[in-house]
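Asks: Below is one structure. I have some questions about it.
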Amino acid sequence: MKPPPFAYRAPRTLPEALAALAPAAPGTGSDTGGGGVGKVLAGGQSLIPLLNMRLAAPERLVDINRVAELDTLEVTGAGVRVGALARHARVGRSAEAAAVQPLLRRALAHVAHPVVRNRGTVVGSLAHADPSAELPAVLALLDGSVEAASAAGRRTIPAGGFFLGPLEPALLPGELAVSAFFPALPPRTGTAFVEIARRHGDYALVGVAATVTLDAGLRVAAARAGYLSVAGVPLVLDLTAACAGADAVSGGGDWEDAAAYARERVDPESDIHASADYRRHLAGVLTGRALRAATADAIDRAGEGR
Amino acid sequence: MTEETFEIELTVNGVRRTARAPARRLLSDLLRHGLGLTGTHVGCEHGVCGCCTVLLDGEPVRSCLMFAVTASGHEVTTVEGLAAPDGEMSPVQRAFQECHGLQCGFCTPGFLCTVTALLRDTPRPTDDEILEGISGNLCRCTGYQNIRRSVRRASELIAADPASGGPPAGEAGEGGR
Ligand SMILES: Cc1cc2nc3c(=O)[nH]c(=O)nc-3n(C[C@H](O)[C@H](O)[C@H](O)COP(=O)(O)OP(=O)(O)OC[C@H]3O[C@@H](n4cnc5c(N)ncnc54)[C@H](O)[C@@H]3O)c2cc1C
Ligand code: FES
Ligand code: FES
């Protein structure tokens, strides 16, 4: 057997899950053993590879796949709230979610392959906090938040404080991320998601999510971008100063100021996939592409009165 | 310390099967070693190659990235369950045979399960939809062109005889898993 042994709990309700996660809790089922801290098993698409390669050895896994109350997707005018068991595929398919926050679907198309998206969860991807993953950059760019619960209570963690380092979310031992909130897109705003990967479906060498907001005269009023794979955590840059006032209808210029600013601010590392210099170059190129596409999208949406 | 084991109950290819296994038993290993269904192949065991793909309540999933105990209570279809009970191959299987969509066959079970679900959801896929649909499955022999043709051909076979096409559908709807 490849994964190392662990104690296993499969709670059916959220309170049971929180009790099973609590440090050195007595547990909720008839099963025994497994002191220490519980670790959440959601879609398993990141955790089980680590277990199969024996890069992780949790003492106790709390499988949340039977906690039906976490399998939720709520869309309101304010935004999209994704429950801990909502799979990538379900969220990506939701026309309601795409209408309120289109960046979610755009980014999900780049997350792994369709079959992996059938199991992997949006919240699990945030909790995994991989700096090369798409959704953490989207949550950070949109100033979303994660709702965390433990046996001791609940709290809301803003995206800005959620990603502490590579694979290091701001979740405490015993805490479960119950949902994530992606705020709605403001009016006259467009989005884009672009990335370069070695192979389609792989983690990106560099990826950029962008939002561009126009003023009533269709000039760029605000521009922001979220970057993946250029730092240990998702990096968000406010590019407004580098493109404010650009005439959106004419394509907004060459975006070179914004690209230069991005090249200056990113801090990528070299690895077997790409050198730091190449990643820095990509960050500039992709900044221009993302802003151009988001601006075109903003014009379309403004034209439709959104 | 003896390791705790769990009672696992699955419907595999329409038949109720039970087994006892530790929580760390992968679904792929339970199918192959516990239930003797060696049609499900195991390559990378980290989700990359796709050859372990089976249908869980009708949806393709990596059986190497799921514990058997998590799958308990659900329906699993493996490559052994794609043909009719009398052994007549499904349209997808026939198309792969006709178009030489395989050489060594190692990747084939994963492709067959993936494509069966793809064509159930998208009976008339565009070229891009075919490429996206099979993008998570690796084949080191064919160069993919014949696999693409096989998917196209399977789509024609199903259109010509929709009843024969009936790949096993999941009973659980969206969010049921
Ligand atoms: C071949 C392959 C390619 C991939 N490519 C990409 C890609 O390009 N981009 C990308 O973003 N991802 C990619 N992934 C990862 C995929 O998106 C995962 O689904 C995701 O990262 C984790 O979600 P999960 O539900 O599978 O979580 P799990 O694997 O179950 O858990 C991952 C981690 O998060 C913790 N966790 C999960 N849920 C919670 C929760 N609710 N509360 C607290 N902690 C929790 C777990 O304890 C664990 O530490 C890929 C995976 C594979 C197998
Ligand atoms: S063996 Fe499961 S994806 Fe390779
Ligand atoms: S036929 Fe040999 S790997 Fe695909």
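Asks: Label the range A:126-234 by shape, choosing from rounded, prolate and oblate, from the square roots a ≥ b ≥ c of the eigenvalues of the Cα gyration tensor; if a/c is under 1.5 it is rounded, and otherwise prolate applies when a/b is larger than b/c, oblate when it is not.
Replies: The shape class here is oblate.
Asks: Out of residues 5 or more away from residue A:197 or on other chains, whose amide H comes under 5 Å of its own, with H placed 1.01 Å from N in the peptide plane?
Replies: It is A:205, by chain and number.
Asks: Then there is this: Calculate, in whole percent, how much of the Cα-Cα pair population of the range A:71-183 lies beyond 25 Å.
Replies: 13 percent
Asks: Here's a follow-up. Give me the Kirkwood hydrodynamic radius of chain A in Å, from all C-alpha pairs, to one decimal place? Can you show the working numbers first?
Replies: Numbers: mean 1/r = 0.0499 Å⁻¹.
Taking the inverse mean of 1/r over all distinct Cα pairs, chain A comes out at 20.0 Å.
Asks: Springs between alpha-carbon atoms under 10 Å, Gaussian network over chain A: tell me which of A:251, A:207, A:144 tops the mean-square fluctuations.
Replies: In the Gaussian network model the winner is A:251.
Asks: May I ask for log10 I(q)/I(0) of the range B:11-53 at q = 0.28 Å⁻¹, from a Debye sum over the Cα atoms as equal point scatterers with solvent left out?
Replies: -1.08
Asks: Averaged over A:41-50, how many beta carbons belonging to a partner chain fall within 10 Å of each residue's beta carbon?
Replies: Details: counts 4, 0, 4, 9, 6, 3, 1, 11, 8, 1.
Mean partner-chain Cβ count within 10 Å for A:41-50: 5.
Asks: A further question on this structure: Quick one: which residues, 5 or more positions from residue A:246 or on another chain, have an amide H under 5 Å from its amide H? H modelled 1.01 Å from N in the peptide plane, none for Pro or chain starts.
Replies: A:220
Asks: Right, something else. What are the ³J(HN,Hα) values, in whole Hz, obtained from phi via the Karplus relation 6.51 cos²θ - 1.76 cosθ + 1.60 with θ = phi - 60°, for each residue of the range B:135-140 in sequence order, with x given for Gly and Pro?
Replies: Using θ = phi - 60°, the values come out as 5, x, 10, 9, 9, 8 Hz.
Asks: Would you mind giving the three semi-axes, in whole Å and largest first, of the ellipsoid equivalent to the range B:91-164 according to its Cα gyration tensor?
Replies: Sorted largest first and rounded, they come to 18, 13, 10 Å.
Asks: Indicate the gyration tensor shape class of chain B (rounded, prolate or oblate), computed on the Cα atoms with a ≥ b ≥ c the square roots of the eigenvalues: a/c under 1.5 is rounded; otherwise a/b larger than b/c is prolate and the rest oblate.
Replies: prolate
Asks: Related question: Give me the distance between the Cα centres of the range A:183-201 and the range B:1-42, rounded to whole Å.
Replies: Their Cα centres are 40 Å away from one another.
Asks: Here's a follow-up. Going highest first, how would you order B:5-11, A:177-183 by mean Cβ packing within 10 Å?
Replies: Ranked from most to least packed, the peptides come out as A:177-183, B:5-11.
Asks: Remind me, relative contact order of chain B in percent, using alpha carbon pairs under 8 angstrom and six or more residues apart?
Replies: Averaging sequence separation for qualifying contacts and normalising by length gives 23 percent for chain B.
Asks: Moving on. Which of the listed residues, A:111, A:79, A:21, is farthest toward the dipole's positive end in chain A, when Lys, Arg count +1 and Asp, Glu count -1 at the beta-carbon?
Replies: Toward the positive end, the furthest listed residue is A:21.
Asks: If you don't mind, another one. Charges at C-beta only: +1 for Lys and Arg, -1 for Asp and Glu. How large is the resulting dipole of the protein assembly as shown about its Cα centre, in Debye rounded to 20?
Replies: On the way: 46 positive and 52 negative charges, 80 e Å.
About 380 debye.
Asks: Which residues' amide hydrogens lie under 5 Å from the amide hydrogen of residue A:8, considering only partners 5 or more residues apart or on another chain, with H built in the peptide plane?
Replies: Amide H neighbours of residue A:8, under 5 Å, 5+ apart: A:61.
Asks: Something else: Which angle between 0 and 90 degrees, to the nearest 10, do you get for helix A:256-265 versus the longest principal axis of chain A when only C-alpha atoms count?
Replies: Taking Cα atoms only, the helix is inclined about 40 degrees.
Asks: Still on this model: Mean separation of Cα pairs under 8 Å and 6+ residues apart, divided by the residue count of the range B:5-78: what relative contact order is that in percent? Intermediate values should be presented prior to the final figure.
Replies: Details: 147 pairs, mean separation 28.9, N = 74.
Result for the range B:5-78 is 39 percent.
Asks: A follow-up question, please. Determine ³J(HN,Hα), in whole Hz, for all residues of the range A:100-115 in sequence, where each value follows from phi through the Karplus function 6.51 cos²θ - 1.76 cosθ + 1.60 and θ = phi - 60°; x replaces Gly and Pro.
Replies: Result, ordered by residue: 7, 9, x, 5, 4, 5, 4, 6, 4, 4, 9, 7, 6, 10, x, 5 Hz.
Asks: With every protein chain present, what is the per residue accessible area of the protein assembly as shown (1.4 Å probe, Å²)?
Replies: 41 Å²
Asks: Right, something else. For the range B:10-27, just list the computed ³J(HN,Hα) in residue order, Karplus coefficients 6.51, -1.76 and 1.60, θ = phi - 60°, integers in Hz, with x standing in for Gly and Pro.
Replies: 10, 9, 10, 6, x, 10, 6, 10, 10, 7, 10, 7, x, 4, 7, 5, 5, 4
Asks: Whole number please: convex hull volume per residue, Cα atoms of the range B:5-78, in Å³.
Replies: Spread over its residues, the Cα hull of the range B:5-78 gives 70 Å³ apiece.
Asks: Quick check on packing: order B:16-24, A:263-271 by the mean number of other C-beta atoms within 10 Å, highest mean leading.
Replies: B:16-24, A:263-271
Asks: Over its Cα atoms, what ratio of radius of gyration to 2.2 N^0.38 Å does the range A:189-301 give?
Replies: Compactness ratio reported: 1.04.
Asks: What 222 nm value per residue comes from the helices of chain A, counting each DSSP H run with n ≥ 4 as -39,500 (n - 2.57) and dividing by all residues, nearest 500 deg cm²/dmol?
Replies: -8500 deg cm²/dmol
Asks: Taking only Cα atoms and a 10 Å spring cutoff, compute GNM fluctuations for chain A and point out the largest among A:199, A:224, A:155.
Replies: With Cα springs under 10 Å in chain A, the top fluctuation among A:199, A:224, A:155 is at A:199.
Asks: Ignoring any ligand, DNA or RNA, what whole percent of the accessible area of the range B:91-164 comes from carbon and sulfur when the probe is 1.4 angstrom?
Replies: Roughly 53 percent, rounded to a whole number.
The values are calculated or read from the model by the stated rules, or taken from the named source; none is laboratory data. The model shown is predicted, which means the values in this text are computed figures rather than measured ones. All Cβ positions, glycine included, derive from the backbone under ideal geometry; neighbour counts span all protein chains shown. Surface accessibility is based on the protein's heavy atoms, side chains included, excluding ligands, DNA and RNA. Shrake-Rupley method; radii C 1.70, N 1.55, O 1.52, S 1.80 Å.
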